[in-house]
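Quick notes on the structure that follows.
The values are calculated or read from the model by the stated rules, or taken from the named source; none is laboratory data. Keep in mind that what you see is a predicted model, and the values were worked out from it rather than measured. For neighbour counting, all protein chains shown are included, and Cβ atoms are generated from backbone atoms with ideal geometry for every residue, glycine included. Note: accessible area is taken over every heavy atom of the protein model, side chains too, but ligands, DNA and RNA are not part of it. Shrake-Rupley method; radii C 1.70, N 1.55, O 1.52, S 1.80 Å.
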Protein chains: 2
Amino acid sequence: MKTREKILKAAQEAFAKKGFNGVSMEEIAKAAGVKKALIYYYFPSKENLFEEVWTRTIDEIEESLFKEVENEKSYMRKLKKFLRSYIDFVTNKTVLVELIEKERSSIVEEQKWENLRKRYNGFLSKMANLIAEGKRYNAIYDDIDPIAAANLISSSITPRKKGMLNNILSMIMRGILKEK
Amino acid sequence: MKTREKILKAAQEAFAKKGFNGVSMEEIAKAAGVKKALIYYYFPSKENLFEEVWTRTIDEIEESLFKEVENEKSYMRKLKKFLRSYIDFVTNKTVLVELIEKERSSIVEEQKWENLRKRYNGFLSKMANLIAEGKRYNAIYDDIDPIAAANLISSSITPRKKGMLNNILSMIMRGILKEK
DNA sequence: CTATTTACTTACCGTTCGGTAAAAAATTAT
DNA sequence: ATAATTTTTTACCGAACGGTAAGTAAATAG
């Protein structure tokens, strides 16, 4: 792996585990097997490094979730596949979701992270579009705000024990889908 | 207000806004209008201060939510009142909920916070008991795990725009309640 | 009034932080 | 082969961190 990628991966894991303020550049360097100064050769600052980690993380999630769903014909199959993929992703790529869980509120609140907030909202919008589509197919309750549904999904489908995740998903599905 | 209370309140607000690692003892001292060393007169360490803030925050939430619900006779009224109180609390005491939202994942994951995790799980258990009661009254779907429902509520009822909060709540209610 | 305890301040400690300049090593181009 | 460029290391900086020791001021007890 290229050095830059090694740094990004180590940073992603460290930020996910300890949060932006909980991890030092020294730690990231050690985890990546490089000297700290080398990180500053590839990234101008800790904030900038975090920004790239965040963006790439959401890129990964989006690609994984929306790619394999785009060729489904039936809406119901599409949405269910999406939610199943979501659970799989949360289960197998835990670290990516942990990063979001840990820093979401900071990114939503602090003006400093405006770009990252936009990226995150873009992800939510894509999910909201999928939900909105369901209203046209009469598959989803009329009174549901697609963006609220996307927020609900994104903040509750997070790394947990498998049984609990499935249970949470079934509650959400019953809450938004007209039929099972 | 007593000095110790001033410190606790300032710490609560600071931790809620910036998280444990994002805030310095100096900042907390300034916000409380005292010298930093005085904090160490009342609290042995930053971690200890945070522990007390966390515990008192959950105490406050619990008291507010469960106190005014305990005298309801009809289960349906009780649960709905509980959820309404939850929304009110989240809306009006934003800072308390933000603290939990920001540090929940660290506290659930890091062994260092074992006591705080227990306190948080105790809160979830209380909520789960309320849900479990609903199963006995045939008000809540049989296949629902009360603890999963408590987790769903706690992680999705967080500070947001009022309309969205209500929308999220109605999805959750439809997801767990047999009838409206 | 004085002795003792409680509350608070000043001044500092060692460490770690994010970040940088400059040199060294490795790679590539001529 | 050697010059030019890219990548990496070494050695350091000032600031901020959590925390402490020693002393002062205010309240309370005898």
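Details
- Boolean, B:LYS78 is crowded, with 17+ Cβ neighbours inside 10 Å, within 16 Å of DNA strand D (Cβ to nearest atom) and among the charged types (D, E, K, R): no
- Near pairs, Cβ below 7 angstrom, 6+ apart or cross-chain, from region A:100-112 (in the same structural domain as A:GLU60 (by TED's automatic domain parsing)) to any residue that is open to solvent by 30 Å² or more (accessible area, probe 1.4 Å) and of a type outside the set (Gly, Ala, Ser): A:SER105/B:GLU98; A:SER105/B:GLU101; A:ILE107/A:ARG117; A:VAL108/A:ARG117
- Subset of region B:90-120 (residues that are more than 13 Å from chain A (Cβ to nearest Cβ) and farther than 21 Å from B:ILE147 by Cα): B:THR91, B:ASN92, B:LYS93, B:LEU96
- Restricting attention to region B:148-172 and to residues that are within 7 Å of chain A (Cβ to nearest Cβ) and aliphatic (A, V, I, L, M), the residue that is farthest from B:LYS102 (Cα to Cα) turns out to be B:MET171.
- Test: residue in region B:140-153 that is farther than 21 Å from A:ASP145 by Cβ and either loosely packed, with under 15 Cβ neighbours inside 10 Å or touching a Ser or Thr at 6+ places or on another chain (Cβ under 6 Å) (or both): yes
- Of residues in region B:8-35 being aliphatic (A, V, I, L, M) and within 13 Å of DNA strand D (Cβ to nearest atom), the one farthest from the other protein chains (Cβ to nearest Cβ): B:VAL34
- Some residue of region A:127-138 being touching a strand residue (DSSP E or B) at 6+ places or on another chain (Cβ under 7 Å) and surrounded by 21 or more Cβ atoms within 10 Å (Cβ to Cβ): yes
- Annotation note: of A:GLY163, A:GLY175, the sole residue that is open to solvent by 40 Å² or more (accessible area, probe 1.4 Å) and small (Gly, Ala, Ser) is A:GLY163.
- Exactly one residue among B:GLU26, B:GLU68 is under 17 Å from the mean Cα position of the chain (by Cα) and open to solvent by 80 Å² or more (accessible area, probe 1.4 Å), and that residue is B:GLU68.
- Selection of region A:36-65 for residues being more than 14 Å from every other protein chain (Cβ to nearest Cβ), open to solvent by 50 Å² or more (accessible area, probe 1.4 Å) and within 12 Å of DNA strand C (Cβ to nearest atom) yields A:LYS36, A:ALA37, A:LEU38, A:TYR40, A:TYR41, A:TYR42, A:PRO44, A:ASN48, A:GLU51.
- Evaluation of B:THR158 against (1) in a helix (DSSP H, G or I); (2) open to solvent by less than 40 Å² (accessible area, probe 1.4 Å); (3) not charged (D, E, K, R) (one fails), failing number: (1)
- Some residue of region A:3-26 being touching a Leu at 6+ places or on another chain (Cβ under 7 Å), small (Gly, Ala, Ser) and not assigned by TED's automatic domain parsing to the domain that holds A:MET164: yes
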